[in-house]
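What follows is a single structure, and I will ask about it in a moment.
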Amino acid sequence: MKDRNTTTPQTTPELHSTPSLEGVFRSLLPELQRAVAEAGYLSPTPIQSEAIPHLLQGRDLIGCAQTGTGKTAAFMLPILQLLAGKPEKLLKGRPRVLVLAPTRELAAQIGDSTSSYGRHLPFRHTVIFGGVGQNPQTAALNKGLHILVATPGRLLDLIGQGFVSLENVETFVLDEADRMLDMGFLPDIRRVIALLPSRRQTLFFSATMEPEVVRLARTLVQDPVHITITPESPAVEKIAQKVLFVDGKNKDALLAELLTKGRWERAIVFTQMKHMANKVAKKLEDKGIAAAAIHGNKSQGARTEALRSFKEGRIRVLVATDIAARGLDIDSVSHVINYDLPIEPETYVHRIGRTARAGASGIAISFCSASEREALRSIERFLLKEIPQDIDHRFHCEAARTATGADARPAPKATFTRRRRPENRERRSFASPY
């Protein structure tokens, strides 16, 4: 079996410029042009058009862009081209390129993209992350590599064990920096940076540019190009939204009915809590609807298998929490269902943006019980519009639609004091909190 982390050039009668490609794609090597065309991309996205020319010149970059904008191709295509222009001997555990990602899933996706774009070039890459045994990862490192994609905790673990050295890194990519900081990885990032050569190309990406993120960026880059990609009114205008008022105890029956009657391609169902994601997925399975849950308590293997099954169409429904779903780039999602309404209006926009990608249309359906009515009003104020109401379903709850005051908010939870366990603060940052 071929090493999945190896990019093996595939023979072909001829490699030539692909006339159907547009814009900056035509400045790429024939091998990269062919890979891009085979992936089905003909026109570059805005961030690709702006970033690729600068990165091919070796410039540092600060990019403000969200998942789903084509960001990975924007940095990986020029990285592969620069590597091809300076072929060097494969070295054990000494990458020339380091890509740091906050989560296992994002790291795996970047690895998959690297395989796709570099399939006609002789480069080896490896993806390392925690939550799984390290032996297969160290074996891949020992074979030598050009590109390393890693999460901070596992990277530092393997550096400490002598499996990785960053002395040869020419290009460093920090992806989703704002999430890194939210997840408490700043100390780990600083430890990684201290091990990098001072002469390098640095690419810094973040979905937001909060002051702390900006301060971190300034410590990393030199004379950077600044690129900001404003998300299209996150496809909210392209998404058919509606809200269904329902008593909380009837949500499962309503969800099963919608999924049974509708011929939906792929649906993501969002819940607030991990235990609820498990419960919803099990009830759907009991009804004969192929579903799987993804959240932080699931093993890495279970999450990977659920995502693969969803992408390949073996399951129609992915039940997810917000943290577990963030950063996942899944195309062709026809429906998003808010089983539980989010507390933050911005989260609502992020959720429904999972559908209507790449110019497609999509449908977002939100369930609203009486205790969620105020959350719905907050979302509508944020959107500056009312979400259309569907009251023509057999589970309609008028009390939920008209709820006000205390009835429109979740009941206050009992407060208690939890005894804190002594922890090793430095080691804690290695663990995935999602």
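The values are calculated or read from the model by the stated rules, or taken from the named source; none is laboratory data. None of these values were measured; they are calculated from a predicted model. We place every Cβ from the backbone using ideal geometry, glycine too, and count neighbours over all the protein chains shown.
Kindly establish whether V243 is surrounded by 20 or more Cβ atoms within 10 Å (Cβ to Cβ), modelled with pLDDT of 95 or more and closer than 24 Å to P342 by Cβ.
So V243 passes the test.
List every residue pair whose Cβ atoms lie under 9 Å apart, where the two residues are 6 or more positions apart in sequence or sit on different chains, the first residue falls within the range 227-242 and is within 13 Å of R351 (Cα to Cα), and the second residue, located anywhere, is in a strand (DSSP E or B) and at pLDDT below 90.
A235/G362; I239/G362
Which one is farthest from L341 (Cα to Cα) among residues in the range 308-321 that are crowded, with 19+ Cβ neighbours inside 10 Å and within 17 Å of the chain's Cα centre (by Cα)?
F310
Additional query: Regarding the range 218-239, can at least one residue be identified that is part of a loop (DSSP other than H, G, I, E, B) and in contact with a Leu (Cβ under 9 Å, 6 or more places away or on another chain)?
yes
Do we have any residue at all in the range 113-123 that's more than 30 Å from S27 (Cβ to Cβ), buried (at least 20 other Cβ atoms within 10 Å of the Cβ) and touching a residue at least 60 places away in the same chain (Cβ under 8 Å)?
Among the residues of the range 113-123, not one is more than 30 Å from S27 (Cβ to Cβ), buried (at least 20 other Cβ atoms within 10 Å of the Cβ) and touching a residue at least 60 places away in the same chain (Cβ under 8 Å), which makes the answer no.
I would also like to ask the following. So which residues in the range 75-97 are crowded, with 23+ Cβ neighbours inside 10 Å and more than 18 Å from the chain's Cα centre (by Cα)?
Passing the criteria: L77, P78, I79, L80, P95, V97.
If you don't mind, another one. Considering the range 279-302 alone, what residues qualify as being more than 20 Å from H335 (Cβ to Cβ), within 23 Å of the chain's Cα centre (by Cα) and free of Cβ contacts under 8 Å to residues at least 40 places away in the same chain?
N297, K298, A302
What number goes with the only condition from (1) assigned by TED's automatic domain parsing to the domain that holds A370; (2) assigned to a helix (DSSP H, G or I) that I193 does not pass?
Status for I193: all satisfied but (1).
Taking the range 196-212 only, how many residues are part of a helix (DSSP H, G or I) and either buried (at least 17 other Cβ atoms within 10 Å of the Cβ) or of a type in the set (D, E) (or both)?
The total comes to 1.
Follow-up. Can you tell me which residue among R377, R381, R373, R401 is among the basic types (K, R), crowded, with 21+ Cβ neighbours inside 10 Å and assigned by TED's automatic domain parsing to the domain that holds D331?
Within the list R377, R381, R373, R401, the selection yields R373.
Also, quick follow-up: Inside the range 259-278, can you point out the residues that are touching a residue at least 60 places away in the same chain (Cβ under 8 Å), surrounded by fewer than 19 Cβ atoms within 10 Å (Cβ to Cβ) and either out of contact with any Ser or Thr (no Cβ under 9 Å at 6 or more places or on another chain) or closer than 17 Å to S361 by Cα (or both)?
G262, W264, E265
Do we have L254 as in the same structural domain as I343 (by TED's automatic domain parsing) and in contact (Cβ under 8 Å) with a residue 60 or more places away in the chain here?
yes
List every residue pair whose Cβ atoms sit under 6 Å apart, with the two residues 6 or more apart in sequence or on different chains, where the first one lies in the range 136-148 and is more than 24 Å from A84 (Cβ to Cβ) and the second, anywhere, is exposed (fewer than 14 other Cβ atoms within 10 Å of the Cβ) and not charged (D, E, K, R).
none
When V213 is evaluated against the numbered criteria (1) in contact (Cβ under 8 Å) with a residue 60 or more places away in the chain; (2) within 20 Å of the chain's Cα centre (by Cα), which criterion, by number, is the only one it fails?
Of (1) in contact (Cβ under 8 Å) with a residue 60 or more places away in the chain; (2) within 20 Å of the chain's Cα centre (by Cα), only one is false for V213: (1).
Here is a further query. Of the residues that sit in the range 381-406 and are among the charged types (D, E, K, R) and at pLDDT 90 or above, which one is farthest from V246 (Cα to Cα)?
E386
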